[in-house]
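What follows is calculated from the coordinates using simple rules that are stated; it is not laboratory data. The model shown is predicted, which means the values in this text are computed figures rather than measured ones. Reconstructed Cβ throughout: ideal geometry from the backbone, glycine too, with neighbour counts over all protein chains shown.
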Amino acid sequence: MKKFIITGGAGFIGSHVVRRFVKNYPDYQIINLDKLTYAGNLANLKDIENAPNYKFIKGDIVDAVFIDELFATEQPDAVIHLAAESHVDRSIVSPLDFVMTNIVGTVNLLNAARYHWKGEYDSHRFYHVSTDEVYGTLGEHGMFTEETAYDPHSPYSASKAGSDHFVRAYQDTYGMNTVISNCSNNYGSYHFPEKLIPLAIHNITQNKPVPVYGKGENVRDWLWVEDHARAIDVIFHSAAPGTTYNIGGHNEWKNIDLINLLCSILDKKLGRAEGESAKLITYVTDRAGHDLRYAIDAARLKNELGWTPSITFEEGLEKTVDWYLANEEWLNDVTSGHYQQYYEDQYSNR
Ligand code: NAD
Ligand code: TYD
């Protein structure tokens, strides 16, 4: 029996990783460690909450004493670390929250692993989930490879870059067994509607303006979240210690083209006239320091570990839109309360 701590398991990607591991590996014991910030929601895991190999523990990775005690009591064999503050716009408003969770929280976990796994590093693995945003921005051509120099521009990406450096430092300094993956933008079910795709779906269905930053010409490389979870599974089980893998969908979209596509999908699904939803598109002030383009070269992951995306963007987007239309209650729950205040603050002065 192997025991895993998966951090951030109540969030968007973490919930898909937890679900995958709980369902696919009945002989693994999965502990979901999550603070349940605004982005963490146990409703994301309703279908597996009673599984015999699953346990939820509420806790903050910034609390070093708590993390140390957790390692002492649970004695995990592995950590898959996803807990983070993850939204660029929030990082512009409150950078220190990102330093605390993304850097200090990661170092707390690394310290606990360093201490509790001492002498047994080979049989214990620390898997750090990171983002392609650490590489900065691309011009019109080229892609990020694992060798691209770090050049983060937002407080979010700077804090994720810092956490990646600490993970590599613990590998090199203490000989710990670490792995890092850097993934492009994810989309899919349980995505908090502060991020572009769920926000646009939500606003279109509610007949509310769809905010497009700047001219809408920024490019993101979108990957279906379940393909990300599968890549994490493959990398966790097969990567050599100290390695890094980029994960991406070879699926670049200009924001405005993506929003137009969503509008036309929703016109059909909601029985609106073609072009009706696109009238909601509203250009707003650009994000400060807005990275122009992200694109991932995932050749290493394909060539060494055989991973490729399992579905096309058209299929994934259709599934995603259908999921949001069928899960209005989930959306209403997460968009009530604090989120309404955030939305008000974020968009009222643009
Ligand atoms: P999310 O914001 O949806 O979820 C983050 C989770 O972490 C939440 O459940 C939250 O409650 C928890 N959390 C936050 N602070 C915590 C703390 N101090 N202690 C314990 N738990 C805490 O994020 P996501 O989009 O699912 O991203 C997960 C990871 O994947 C992050 O590390 C992010 O940097 C990375 N990533 C995200 C994307 C993307 O497109 N969303 C792409 C690449 C990498
Ligand atoms: P987002 O989903 O926040 O992801 P990230 O900034 O991590 O890539 O944003 C995706 C893109 O969409 C990014 O270029 C910013 C843009 N965007 C908008 O145009 N309008 C919005 O309301 C949001 C949230 C994002």
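Numbers below:
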| read-out | value |
| --- | --- |
| Two-site label geometry, residue 42 and residue 169: point separation in nm, points 7 Å out along Cα→Cβ | 3.6 nm |
| 172, 89, 164 arranged by Cβ crowding within 10 Å, fewest neighbours leading | 172, 89, 164 |
| Lysines with Cα under 24 Å of residue 215, excluding same-chain neighbours fewer than 8 positions away | 195, 254, 279 |
| Residues residue 147 and residue 269, FRET efficiency given R0 of 35 Å [Cβ-Cβ distance, rounded to 0.05] | 0.25 |
| Selection of trypsin sites (Lys or Arg not before Pro), region 118-181, meeting DSSP coil and at most 14 other Cβ within 10 Å | 118 |
| Using alpha-carbon coordinates, inclination of helix 64-74 to the longest axis of the chain, degrees | 70 degrees |
| Value of relative contact order over region 146-298, rounded to a whole percent, pairs C-alpha under 8 Å and six or more apart | 32 percent |
| Around residue 24: net Lys/Arg minus Asp/Glu count, Cβ-Cβ under 15 Å | 0 |
| Calculated from backbone phi, Karplus (6.51, -1.76, 1.60) coupling profile of region 287-297 in Hz, x at Gly/Pro | 5, 5, x, 5, 4, 6, 8, 10, 8, 9, 9 |
| Length-normalised contact order of the chain in % [C-alpha pairs under 8 Å, at least 6 apart] | 17 percent |
| Amide H within-cut-off set for residue 183, under 5 Å, with H built and near neighbours excluded | 130, 131, 132, 247 |
| Student exercise, the chain dipole from Lys, Arg, Asp, Glu Cβ charges, in Debye to nearest 20 | 280 debye |
| Listed residue pairs exceeding 27 Å between alpha carbons, taken from 58/302; 58/269; 160/319; 23/160; 23/58 | 58/302; 58/269; 160/319; 23/160 |
| Distance between region 227-241 and region 75-108 - C-alpha centres, whole angstrom | 21 Å |
| Distance (nanometres) between label positions extended 7 Å along Cα→Cβ at residue 257 and residue 3 | 5.0 nm |
| Angle in degrees between helix 155-174 and the longest Cα principal axis of the chain, rounded to the nearest 10 | 20 degrees |
| Cut-off of 10 Å, at most 10 other beta carbons, DSSP loop: longest stretch of the chain lacking such GluC sites (Glu not before Pro) | 148-273 |
| Inter-part distance where region 20-48 and region 145-176 are each reduced to a Cα centre, Å | 26 Å |
